[in-house]
Amino acid sequence: MEKYYPEGILFDKPENQKSIRSIEEIINAEKTGKILEAYASVCDKEHNLIVDLPCIKGVIPRNEGAFGIDDGSTKDVALISRVNKPVCFKVMSINTDSQGNPVSVNLSRRAAQMECFENYICSLDAGDIIDAVVTHIEQFGCFVDIGCGIPSLIPVDAISVSRISNPSDRFYISQKIRVIVKDVDKQRKYPRVNLTHKELLGTWNENAELFNVGETVAGIVRSVESYGIFVELTPNLAGLAELREGVTAGQQAGVYIKAIIPDKMKVKLIITDVFDGQSRNKDIKYFVNGEHIDYWRYTPDGAGKMIETEFIQK
């Protein structure tokens, strides 16, 4: 399968840099249909994107800015939001002056996206693990680019087992992540890919094995209940601490690990310290290194509550 990257990843690759720096390479890209990438510097009043090519002026006409712009299924904000960001494109034609000298090139982001759809998106199956880049965060979920600017959504409850109030608790804009295809709705004009993420973050056992009884470790307070305080130790593991006055959700915490109980999926904690402050953006630890999974079970053997995901290809 040909590789199609989320926008921003192709830009710095040597082959792409070579291809956008000379008229000869631009002409060759037109002939071969190669997908290139460069920064959009301006979105003009007609919502055409001006692309910053080192050797010539590049223009992506509004209707070529994204699939769905022509029929209204994609809003123009999708174009405006690309300013000062990389955009992928195919070279469609070269404009010349009266002496035949190249003066500008017509580009199409839509054509690149359609190729990505036909050769990549439509071939994805449930359980495939793919690259993505975080593009937008809402209360209900996180939008990511899964190739050539094509968007998909990770619902907030599919981001991790440990509950979060907002996807920004876990992700940041332009972050490169891995995601799993939950399913692909191929009945639509443009197939919609539904994603999940939590299955990459390890089972209960895999996360619990990172800790030992008697240790004092860092955590994040996720919720305060009448019966105790939930503290996140990893994105897929939270423990319950005894109540303590003045603790609020979102605070950083130091916690003493009192007990780890696999058959009940419980980690008992004692809070030693809490303070306000932003957590450090840590690299995400993924426990799955392959390109596909069919089944994932979070629950340890012998535990009563079953948490699992089966990826069924349609």
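The values are calculated or read from the model by the stated rules, or taken from the named source; none is laboratory data. These numbers were taken from a predicted model, which means no experiment stands behind them. Neighbour counts run over all protein chains shown; Cβ positions are idealised from the backbone, glycine included. The accessibility values were calculated without ligands, DNA or RNA, using every heavy atom of the protein model including side chains. Shrake-Rupley method; radii C 1.70, N 1.55, O 1.52, S 1.80 Å.
Structure notes:
- In sequence order, calculated HN-Hα J values of segment 16-26 (Karplus, 6.51, -1.76, 1.60; Hz; x Gly/Pro): 5, 4, 5, 6, 9, 9, 9, 4, 4, 5, 5
- Full extension of the chain between Val224 and Phe287 gives 19.8 nm of extra length, using 0.36 nm per residue less the Cα-Cα distance.
- Ranked order, Asp273, Asp183 - accessible area, probe 1.4 Å, largest first: Asp273, Asp183
- Dipole of the chain, positive end: most advanced residue of Ile159, Ile27, Leu49 [Cβ charges, Cα centre]: Leu49
- Heavy-atom accessible area ranking, 1.4 Å probe, most first, across Tyr295, Tyr190, Tyr4: Tyr295, Tyr190, Tyr4
- The charge dipole of segment 43-114, taken about the Cα centre with unit charges on the Cβ atoms of Lys, Arg (+1) and Asp, Glu (-1), comes to about 220 debye, rounded to the nearest 20.
- Within the chain: Cβ-based charge dipole about Cα centre, in debye rounded to nearest 20 (Lys, Arg +1; Asp, Glu -1): 200 debye
- Label point at Ile80 placed 7 Å out along Cα→Cβ; residues across segment 30-48 whose backbone nitrogen lies under 17 Å: 41-48
- Within segment 137-157: backbone nitrogen closer than 12 Å to the Asn194 label point (7 Å, Cα to C-beta): 153-155
- Principal-axis tilt of helix 109-119 within the chain, Cα atoms, nearest 10 degrees: 60 degrees
- Taken one residue at a time, the phi angles of segment 56-71 give Karplus couplings (6.51, -1.76, 1.60, θ = phi - 60°) of 6, 6, x, 10, 9, x, 3, 5, 9, x, 5, 5, x, 5, 5, 9 Hz. Gly and Pro are set to x.
- Considering only Ile293, Ala111, Tyr4, the residue lying farthest towards the positive end of the dipole of the chain is Ala111, judged by Cα position with unit charges set on Cβ.
- Under-5 Å amide H pairs with Tyr5, H placed in peptide plane, nonlocal only: Cys148
- Scanning residues 5 or more positions from Tyr298 or on other chains, those with amide H under 5 Å from its amide H are Ile307, Glu308, Thr309, with H placed 1.01 Å from N in the peptide plane.
- Close amide H contacts of His136 (hydrogens built in the peptide plane, cut-off under 5 Å, sequence separation of 5 or more or a different chain): Phe143.
- Between Asn166 and Asn212, the distance separating the two model label sites (each 7 Å from Cα on the Cα→Cβ line) works out to 3.8 nm.
- Listed residues Thr203, Thr96 arranged by accessible area, highest first, probe 1.4 Å: Thr96, Thr203
- Net charge contributed by nearby residues that have their C-beta within less than 11 Å of Val224 (K/R +1, D/E -1): 0
- Among the listed pairs Lys34/Lys186; Lys3/Lys182; Lys176/Lys266, those beyond 23 Å (Cα-Cα): Lys34/Lys186; Lys176/Lys266
- Spin-label model, Ser22/Gln175: points 7 Å from Cα along the beta carbon direction are separated by 4.1 nm.
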